[in-house]
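> Please see the structure below; I have some questions.
Values in this text are rule-based calculations from the coordinates and carry no lab data. Just so it is clear, the model here is predicted, and its values are computed rather than measured. Quick reminder, even Gly has a Cβ in these numbers, built from the backbone with ideal geometry, and neighbours come from all protein chains shown.
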Amino acid sequence: MFASLGQSRNAPGLLFMLPAAVFLLCFLAYPLGVGTWLGFTDTKIGRPGQFIGLENYEMLWTDSVFWLSVFNTVLYTAVASVLKFALGLWLALLLNENLPFKSFFRAIVLLPWVVPTVLSAIAFWWIFDSQFSVISWALMKFGWIDRPINFLGDSFNARASVISANVWRGIPFVAISLLAGLQTISPSLQEAASLDGATSWQRFRFVTLPMLTPIIAVVMTFSVLFTFTDFQLIYVLTKGGPVNATHLMATLSFQRGIPGGQLGEGAAIAVAMVPFLLAAILFSFFGLQRRKWQQGGAD
Amino acid sequence: MTISRRDLLAGTAGVLAGAGFGLPAFAQGAAEPQFKPEAGASLRVLRWAPFVKGDEDAWIANSKKFTEKTGIDVKIDKESWEDIRPKAAVAANVGSGPDIMLVWFDDPHQYPDKLVDVTPLANYLGGKYGGWYPGLEGYGKKDGKFIALPLASIGNALLYRDSQIKAAGFQDVPKDTKGFLELCKALKAKGTPAGFAHGKAVGDGNNYAHWLLWSHGGQMVDDKGKVTINSPETVAALKYATELYKTFIPGTESWLDINNNRAFLANQISLTANGVSLYYSAKNDPKLAEIAADIRSTNFPIGPVGKSVELSQTTSSIIFKHTKFPQAAQAYLKFMYEAEQMNDWIKGSSAYCCQALKAFESNPIWTSDPIHAPYAKSSAMLRPNGYAGPLGPASAAVMADYVLVDMFAEAVTGQRTPEEAAKRAEQRATRYYRG
């Protein structure tokens, strides 16, 4: 049998894939499996649980805080992703032009992404402070408002504040990735289009954008996943407040699972995020990556 | 924090003398348990990272004394206070890790069968040192047995600016909730409002919300664990809170634990509730000398219920059953709780930690600064979270899920009527107390 394995053309391939497979199994599949299992139990921190079927999910179904967190998460992800994409693409196009100090600008654009999230979140915490916000202070100095803006105390303001902080943090990733994509587009295509009399909008719409689509699909998939699972920003800024207006599924899962001790319920909330994540992945896969030329065929 | 070595020595000497005289009166209690540390024993203690440096210094110094006396090595690790709960639960669950931990609130009641029964030691200490405060005893005891030794409550009290209270036409902070509301109205009219956290502030938010509820006679559950939050008392508390909230500085519904400190020290609010650390932040900063000199402290006013009832953070010492050295661990705790060590520790904590045993009321720290006085009563007026029901996973989960904090925030911001807010809190709490 080993002899035939040695003869097989596939055996070395399988062998080389083994470390990656073991890694995936141990560090991704296993925790995911355990998490899913925990969602079907009433495990508390510090005591093993019993299998209770769908009870956690039935409880969540009737829990308005959970549904509020679902709404918040979808809103947060949708608004932040669209803004990040629009602003990121814009920034990438600008950086792709011939600017003075090009490398310098490209480097500093990455800064928000490089700063540890917790640090930038703390900076935003000060920026949005109900008494000491620099924005409120400046506007009051100008005499445009007469009292500090209630950034994190009002539901609408709080949502807008956390989304803007997330957008600020997420733009560099989108911009730099799209910039990399832009650089792979051969200038000769643009030149050809120019010679044919295409306007700059037409060049963008019919040359740049189609060439960029595969990269956009990958970048936005990642961006949506990062945003959907965001935790640190919310936890530092509001801990989900005011009155759960900014609680995301990830923060609610943590709050109930770890400080609240209801590990099973926390796991169930985390598992409830999976369908949304799968939907986002499938959308980008089928919606944006369908072009045949990616597989070497003609579009 | 700002206690010099000389203060400490002088204070300790006084305490020793005091304790020496005080002892015989209390010594009638349980027999002194004798622990025989296992051969080659060594202990690992995991505690919360200190809020006051003197606390840690005293704890380490006491542990060193224990090592010198017994030859048992004690290794002390610390974790940020928020990580204590999951760490302790995991240690209990997997059966390894530290031998002794200092944990919070109802933590011991999450895994009571994983903890060494310390009843003889607790009874001995209780008998010797004037008894445990009932509120703290509740945290340590389950089914008549001590599964933990209550260590301290982290006192919470009103801190205010004397000049601003006087400017508003009051000599002191009124002792009743009605007068208190009048004071807050006057403070707002003077442009020096009060501020209490209605956001997801683990400590300040919960302390304030529980005081509002309890002072009006409301309670989350009855003694059987049946949810009773939706009551006329609760609605009265919510209405009172709404009136009070109108006098606050704007934005308190977003406040986390640190915001009231910042606002107070920046002269933005005249009155708030906090641990004594806020006073020391002002006192230790030369730039804030003026504010520090103006700070006074007092307890929360008494509501219709007629007595002081408050929540404050509490901590207990637990010994895990998985320890290889249960005798050494108990000997260690016994040593740490004896007057000589305990007085040093309470003194070192500079009024941040309030004793669990009544005899330590006489610790000189409580009279060393008038600001400390209300903090000395912290343990006496303490009620466990989840009052009046049993402690356990449900009480822990309801507090961690901010059910009470959210209820008040919903009502005061006008998102829901008081009646709706109480009903919703009932629904949310029932999810945890259902079985």
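> Please give every one of the aspartates and glutamates within straight-line cross-link reach of B:K175, meaning a C-alpha to C-alpha distance under 18 Å, and leave out same-chain neighbours fewer than 8 residues apart.
Within the straight-line limit of under 18 Å, B:K175 reaches these aspartates and glutamates: B:D162, B:E243, B:E310.
> Past 32 Å, Cα to Cα: identify those pairs from B:K200/B:K321; B:K53/B:K321; B:K36/B:K347; A:K141/B:K178; B:K188/B:K377; B:K53/B:K239, in the order given.
Details: B:K200/B:K321 34 Å; B:K53/B:K321 30 Å; B:K36/B:K347 29 Å; A:K141/B:K178 38 Å; B:K188/B:K377 29 Å; B:K53/B:K239 40 Å.
Flagged as over cut-off: B:K200/B:K321; A:K141/B:K178; B:K53/B:K239.
> So for the pair B:T417, B:S231, with labels modelled 7 Å out along Cα→Cβ, what separation do we get in nm?
2.2
> Could I ask something else about it? Does the range A:1-156 classify as rounded, prolate or oblate by the C-alpha gyration tensor (a ≥ b ≥ c root eigenvalues; a/c under 1.5 gives rounded; else a/b over b/c gives prolate, otherwise oblate)? Could the numbers behind the result be given before it?
Values: a/c = 3.17, a/b = 1.39, b/c = 2.29.
In terms of gyration-tensor shape, oblate.
> So if R0 is 51 Å, what FRET efficiency would A:I52 and B:S42 give, r being the distance between their Cβ atoms, rounded to the nearest 0.05?
Values: r = 42 Å, r/R0 = 0.82.
According to the calculation, E is roughly 0.75.
> Specify the longest stretch of chain A that does not include any exposed loop site, a site being one of the chymotrypsin sites (Phe, Trp or Tyr not before Pro) with a non-H, G, I, E, B DSSP assignment and at most 11 other Cβ atoms within 10 Å.
A:145-299
> Something else: Can you give the FRET efficiency to the nearest 0.05 for A:A138 and B:I60, using r as the Cβ-Cβ distance and R₀ = 35 Å? Walk me through the numbers before you get to the answer.
Details: r = 47 Å, r/R0 = 1.34.
That pair, A:A138 with B:I60, gives E of 0.15.
> To continue, here is another question. Once each part is reduced to its C-alpha centroid, what is the distance from the range A:140-192 to the range B:132-165 in angstrom?
Spelled out, the Cα-based centre of one part sits 47 Å from the other.
> Any idea what the dipole of the range B:344-405 comes to, in debye rounded to 20, about its Cα centre with Lys/Arg Cβ at +1 and Asp/Glu Cβ at -1? The partial results should precede the final answer.
Details: 4 positive and 4 negative charges, 27 e Å.
Charge dipole of the range B:344-405: 140 debye, to the nearest 20.
> A further question follows. Taking the C-alpha atoms of the protein assembly as shown, how large are the radius of gyration and the largest Cα-Cα span, Dmax, in Å?
When restricted to Cα atoms, the protein assembly as shown yields Rg and Dmax of 29.7, 105 Å.
> Then there is this: In what order do A:I45, A:I163 fall by count of nearby beta-carbon atoms within 10 Å, going from fewest to most?
On the way: A:I45 25, A:I163 21.
Ranking A:I45, A:I163 by Cβ neighbours within 10 Å, fewest first, gives A:I163, A:I45.
> Please quote Rg/Rh for chain B to two decimal places, taking the Kirkwood radius as Rh and restricting both calculations to Cα atoms.
On the way: Rg = 21.7 Å, Rh = 22.4 Å.
Ratio value, two decimals: 0.97.
> Using the beta-carbon distance between A:N10 and A:F283 and R0 = 41 Å, what value does 1/(1 + (r/R0)^6) give for FRET efficiency, to the nearest 0.05? If you can, show how the numbers build up before the last one.
On the way: r = 34 Å, r/R0 = 0.82.
E(calc), rounded to 0.05, equals 0.75.
> Provide, for q = 0.19 Å⁻¹, the log10 of I(q)/I(0) from a solvent-free Debye sum over equal Cα point scatterers in the range B:54-145.
-1.20
> Cα-based Rg (one decimal) and Dmax (whole number) for the range B:340-435, in Å?
Radius of gyration, then largest Cα-Cα span, for the range B:340-435: 18.7, 53 Å.
> For B:S163 and B:D73, calculate 0.36 nm times their separation in residues minus their Cα-Cα distance, and state this gained length in nm to one decimal. It would help to have the intermediate numbers written out before the result.
On the way: separation 90, 0.36 × 90 = 32.40 nm, distance 5.18 nm.
Stretched out fully, the B:S163 to B:D73 stretch lengthens by 27.2 nm.
> Further question on the same structure: Could you work out the mean count of beta carbons from other protein chains within 10 Å of each residue's beta carbon in B:91-97? Provide the component values of the computation, followed by the final result.
Working: counts 1, 3, 7, 1, 0, 0, 0.
Other-chain Cβ atoms within 10 Å of each residue's Cβ, averaged: 2.
> Give the separation of the Cα centroids, the range B:387-435 to the range B:221-259, in Å.
10
> For peptide B:387-398, how many partner chain Cβ atoms fall within 10 Å of a residue's Cβ, on average? Before the final figure, lay out each step's value.
Working: counts 0, 0, 0, 0, 0, 2, 8, 2, 0, 6, 8, 1.
Rounded to a whole number, the mean comes out at 2.
> What is the fewest-to-most order of B:C184, A:C26, B:C354 by other Cβ atoms lying within 10 Å of their Cβ?
Numbers: B:C184 25, A:C26 10, B:C354 30.
Taking fewest neighbouring Cβ atoms as first place, the list is A:C26, B:C184, B:C354.
> Of all the Cα-Cα pairs you can form in chain A, what percent are over 37 Å apart? Spell out each step's value before the answer.
Values: 14715 of 44551 pairs.
Of all Cα-Cα distances in chain A, 33 percent exceed 37 Å.
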